[in-house]
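A.B. asks: I have a structure here, written as structure tokens, and I will follow up with some questions on it.
What follows draws every value from the coordinates through simple rules; no lab data is involved. Just so it is clear, the model here is predicted, and its values are computed rather than measured. We place every Cβ from the backbone using ideal geometry, glycine too, and count neighbours over all the protein chains shown.
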Amino acid sequence: MNKKSVKDVEVQGKRVFVRCDFNVPMKDGVITSDKRIRGALPTIEYLLQHGAKVILCSHMGKPHNIFTPGFGLTKKEKKKVAALPENEQAAATEAFLAKAAGDRDSLTLKPVADRLNEYLGGKVTFASDIIGPDAKAKVAALKEGEAVLLENVRFDAREEKNGEDFARELASMADLFVNDAFGTAHRAHASTEGITHFIPAVCGFLIEKEITFMGGALENPEHPFVAILGGAKVSDKIGVITNLIDKVDTIIIGGGMAYTFIAAQGGKIGHSLCEEDKFDLALSLLKKAKDKGVKFLLPVDNKCAKAYDNDAESCFSAAGEVPDGFMGLDIGPETIKLYTEAIKGAKTVIWNGPMGVSEFSNYAAGTRAVAQAVADSGALSIVGGGDSTAAIEALGFADKISHISTGGGASLEFLEGKVLPGIAALQDK
Ligand code: AMP
């Protein structure tokens, strides 16, 4: 997969529409982490420095689609109103509409524009609409080396519906489209895919890095190639395991999903997480790994708790021997040794998902040990998923990891070998 990036096209004097991921965590109107904003700066700075007129676009949260023409109550809200006595219906309708209108204050991108300006020296204006008069006027007024951030693109329902007219309107503001929002690249929305039908489309540096590292590992990995998969459910990772089993030398399984594999083979798992309807699948994956000569490592011991609680009574058990009344919440010390050893000689490592309930300090040891092993391995390492990334960052290992993927769902779909519409639509080199 070799997609054109901003460096492969002329941007001087062009109006460039950049889809970013500014979906930052907010509390009471204040940004609590601006990591995603900082992540977007290299592409934006490159464009500004090369004389582009930059139009920035992003979504934030899950707003009511208050800008959609004819916006009104949702079906559910209408039902609730209809169930009320007639004399209360008008007030209830107004209350629902007022609540929706509140999103304009709580999910506006205005604070993002302010933060961008702190980093970019006041070069960014903010448009209070998306394709409306304010956006059009501000785009028309852009000079080379300036940017405008449009309002939350999901305020318009046509964004997520990939409405053709809406996508055409977005495209009409620009000469070139740049996708730098990996986190939404697996969705065919108007600002990620629809727009590419009307103007040339290339990637920004964030998506370029995702493609280079993850695409490179999947297409042409250096061996030994080790995949480490954890997290709550087997069902979330089936696609990834199935795709990777054809490419890797070793698969390491941790987290809640391990217990389904252990129970499927007749092990005792107490109250641990388990998906009984996935037993057949678990057994067939184990068989496939065996047939292909892929090492499939499951925990050999666990740290267990009497309740899903950091401070509940705890014990260690061998795998498949979780005592009645207990649940496995982390891998145990023998498993840590086994997994650390398996990661040691790797040349390529992909890790997604914690080894246990890493939010609980008493059950974070497995995840921390794997983070340490991946950081120490010297392998080309790719880490994805909130908990694994958090463990890497908490331990200060981020600079020892080759690539930390920025997209949760998008990373998984990439590892599943799926086509991501927001990337497929970009021009090939
Ligand atoms: P995922 O989003 O699939 O990567 O799963 C992450 C979640 O899995 C985290 O919230 C963990 O607390 C949870 N998890 C990991 N191991 C276990 C376990 N043994 N039992 C219950 N939950 C777990």
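A.B. asks: Run the simple label-point estimate for Lys35 and Lys62 please: 7 Å along Cα→C-beta, distance reported in nm.
C.D. replies: Rounded to a tenth, the inter-label distance reads 2.2 nm.
A.B. asks: Sticking with this structure for a sec: How much net charge surrounds Glu118 when only the other residues with a Cβ under 13 Å from the Cβ of Glu118 are counted, with Lys and Arg +1 and Asp and Glu -1?
C.D. replies: Net charge in that neighbourhood comes out at +1.
A.B. asks: Tell me, how many Å apart are the Cα centres for the range 271-339 and for the range 365-429?
C.D. replies: Rounded to whole Å, the Cα centres lie 23 Å apart.
A.B. asks: Could you work out the helix-only [θ] at 222 nm for the chain, with each DSSP H run of four or more residues adding -39,500 (n - 2.57) and the total divided by the number of residues, to the nearest 500 deg cm²/dmol?
C.D. replies: Working: 16 runs with 161 residues, N = 429.
Only helices count here, giving -11000 deg cm²/dmol.
A.B. asks: Modelling each spin label as a point 7 Å along the Cα-to-Cβ direction, I'd like the Asn310/Ser172 distance in nm, to one decimal.
C.D. replies: 5.4
A.B. asks: Taking the mean number of other Cβ atoms within 10 Å as a proxy for protection, how do you rank 400-407, 379-386, 337-344 from highest to lowest? Let's see the in-between values first.
C.D. replies: Numbers: 400-407: 20.1, 379-386: 22.4, 337-344: 17.6.
Order by mean packing, descending: 379-386, 400-407, 337-344.
A.B. asks: On to the next question. Using Cα pairs closer than 8 Å and at least 6 residues apart in sequence, work out the relative contact order for the chain, in percent.
C.D. replies: Averaging sequence separation for qualifying contacts and normalising by length gives 16 percent for the chain.
A.B. asks: Straight-line reach only, C-alpha to C-alpha below 17 angstrom: list the lysines that Lys27 could link to, leaving out same-chain residues fewer than 8 apart.
C.D. replies: By straight Cα distance, Lys27 reaches Lys35, Lys62, Lys110.
A.B. asks: Okay, next question. Structure shown: which of Lys4/Lys209; Lys14/Lys143; Lys237/Lys278; Lys76/Lys161; Lys4/Lys138 lie over 21 Å apart, alpha-carbon to alpha-carbon?
C.D. replies: From the list (Lys4/Lys209; Lys14/Lys143; Lys237/Lys278; Lys76/Lys161; Lys4/Lys138), the Cα-Cα distance tops 21 Å for Lys4/Lys138.
A.B. asks: So, one more: According to a simple spin-label model (label point 7 Å from Cα along Cα-to-Cβ), what is the distance in nm between Gln12 and Lys143?
C.D. replies: 1.8
A.B. asks: Convert each backbone phi in the range 208-220 into a coupling constant with the Karplus relation 6.51 cos²θ - 1.76 cosθ + 1.60 (shift: θ = phi - 60°), then list the ³J(HN,Hα) values in order as whole Hz, x for Gly and Pro.
C.D. replies: With the stated coefficients, the range 208-220 comes to 4, 5, 4, 5, 4, 7, 6, x, x, 5, 7, 8, 8 Hz.
A.B. asks: Highest mean first, how do 252-264, 5-17, 79-91 rank when packing is the count of other Cβ atoms within 10 Å averaged over residues?
C.D. replies: Highest mean packing first, the order is 252-264, 5-17, 79-91.
A.B. asks: Another question about this same structure. Go through 226-236, 128-138 and give me the packing order, highest mean Cβ count within 10 Å leading.
C.D. replies: 226-236, 128-138
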